[in-house]
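One structure below.
The values are calculated or read from the model by the stated rules, or taken from the named source; none is laboratory data. Note that the structure is predicted; figures quoted are calculated from it, not measured. A quick note on method: Cβ atoms are made from the backbone with ideal geometry, for glycine too, and the neighbour counts reach across all protein chains shown.
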Amino acid sequence: MAYPTRAKFRSRTTLDRVLSRFGLASRTEARTAIRQGRLKVNGLIARDPDLWVDPASDVIQLDGQRVKPARKIYLLFYKPKGVITSHGDPQGRKTVYAFLGDAGKWIFPVGRLDKDTSGLLLLTNDTAFAGFVTRPESRVSKTYRVKTSGLMPDEAVSRLNSGIQMKRGDRANPLRVRRLEDRGKYTWLEVILTEGKNREVRRMVEAAGFKVLKLVRTGIGALTLEGLEVGKWRKLSSLEVSSLRRGA
């Protein structure tokens, strides 16, 4: 089967991306299904995930059924501490999908929360929506509540609020850092970011001379955990989705 080059067709994309963008599978799951011979393109079995196709004109079938965009799903989940933000774990640790039931079949996390971080996690099958929310230039805020390893002086809070150089050489530029309260030997901070660098909150607090003892993501944009118990999820309303699409 001969296919024209990518330059001739702006709507062309690789076969694995069709399943991902249609919300039918993650990229990894799509590539596995394709290599197993479960996909046909124009009546012929296609085993190459990187095959260029045009979903607008090519007949693409998965397990004998023509593929079409799935209904868009948007979930807000209160991730517990100790749970992996992954579809599977080689070490057998519990993942977020253990809490989602059938609702989690074809959705993926929007960004990540590490194992020791709890709080608000979005999941969807809408790749464009996920990309928008996670891109720094979209300026969608992510709000965290942070317990530090000691009483943090005003000078350290000011350093964080002004932006701070981290150990790997990159710089954290939070939207805002403020002291919530000093409780016993510890300080609680609110940190608001739009960048989403890897383990950014932990690394910036370490750059200020402290460690993070507890980290909870309490908000994404205008979304919060209000009314939601740990380990539970709910669907986003169309209004909430539209609000996030509009950005900061």
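For the range 193-214, how many residues meet the condition of being outside any helix (DSSP H, G or I) and either surrounded by 13 or more Cβ atoms within 10 Å (Cβ to Cβ) or within 15 Å of the chain's Cα centre (by Cα) (or both)?
Residues in the range 193-214 being outside any helix (DSSP H, G or I) and either surrounded by 13 or more Cβ atoms within 10 Å (Cβ to Cβ) or within 15 Å of the chain's Cα centre (by Cα) (or both): 13 in total.
Which of the following residues is at pLDDT below 95 and either touching a strand residue (DSSP E or B) at 6+ places or on another chain (Cβ under 6 Å) or not assigned by TED's automatic domain parsing to the domain that holds Arg199 (or both): Arg93, Arg145? It would help to see each step written out before you state the result.
Working: Arg145 fails: at pLDDT below 95.
Only one candidate passes the filter, namely Arg93.
Checking the conditions here, which among Ser57, Ser26, Ser11 is of a type in the set (Gly, Ala, Ser) and in contact with a helix residue (DSSP H, G or I) (Cβ under 8 Å, 6 or more places away or on another chain)?
Ser26
Determine which single condition Pro80 fails, assuming it passes every other condition in (1) in contact with a Gly (Cβ under 6 Å, 6 or more places away or on another chain); (2) in contact (Cβ under 8 Å) with a residue 40 or more places away in the chain; (3) outside the structural domain of Trp233 (by TED's automatic domain parsing).
Condition not satisfied by Pro80: (3).
Considering Ser57, Ser20, which residue is surrounded by 18 or more Cβ atoms within 10 Å (Cβ to Cβ) and farther than 30 Å from Glu226 by Cα?
None of the other options fit; the residue is Ser20.
Checking Arg217 against (1) in a loop (DSSP other than H, G, I, E, B); (2) touching a Gly at 6+ places or on another chain (Cβ under 7 Å); (3) under 23 Å from Glu137 (Cα atoms), which test does it fail?
So the condition that Arg217 fails would be (1).
Considering each of Arg21, Arg35, Arg93 in turn, give the residue that is closer than 26 Å to Arg199 by Cα and either over 17 Å from the mean Cα position of the chain (by Cα) or among the charged types (D, E, K, R) (or both).
The unique qualifying residue is Arg93.
Is it the case that some residue within the range 140-154 is under 22 Å from Pro80 (Cα atoms) and touching a Pro at 6+ places or on another chain (Cβ under 8 Å)? I'd like the intermediate steps shown before the answer.
Of all residues in the range 140-154, those under 22 Å from Pro80 (Cα atoms) come to 141-149.
From what is left, the residues that are touching a Pro at 6+ places or on another chain (Cβ under 8 Å) are none.
The answer is no, given that none of the residues of the range 140-154 is under 22 Å from Pro80 (Cα atoms) and touching a Pro at 6+ places or on another chain (Cβ under 8 Å).
Which residues, taken from the range 63-90, are over 16 Å from the mean Cα position of the chain (by Cα) and closer than 24 Å to Thr224 by Cβ?
Result: Lys81, Gly82.
Inside the range 24-45, can you point out the residues that are in contact (Cβ under 8 Å) with a residue 40 or more places away in the chain and in a loop (DSSP other than H, G, I, E, B)?
Result: Leu24, Ala25, Ser26, Asn42.
For the condition over 18 Å from the mean Cα position of the chain (by Cα) and part of a helix (DSSP H, G or I), what is the one hit in Leu239, Leu228? Lay out the reasoning, then the answer.
Details: Leu228 fails: part of a helix (DSSP H, G or I).
Every option except Leu239 fails the conditions.
Tell me whether the range 49-69 contains one or more residues that are outside any loop (DSSP other than H, G, I, E, B), out of contact with any strand residue (DSSP E or B) (no Cβ under 8 Å at 6 or more places or on another chain), among the small types (Gly, Ala, Ser) and without any contact (Cβ under 8 Å) to a residue 60 or more places away in the chain.
no
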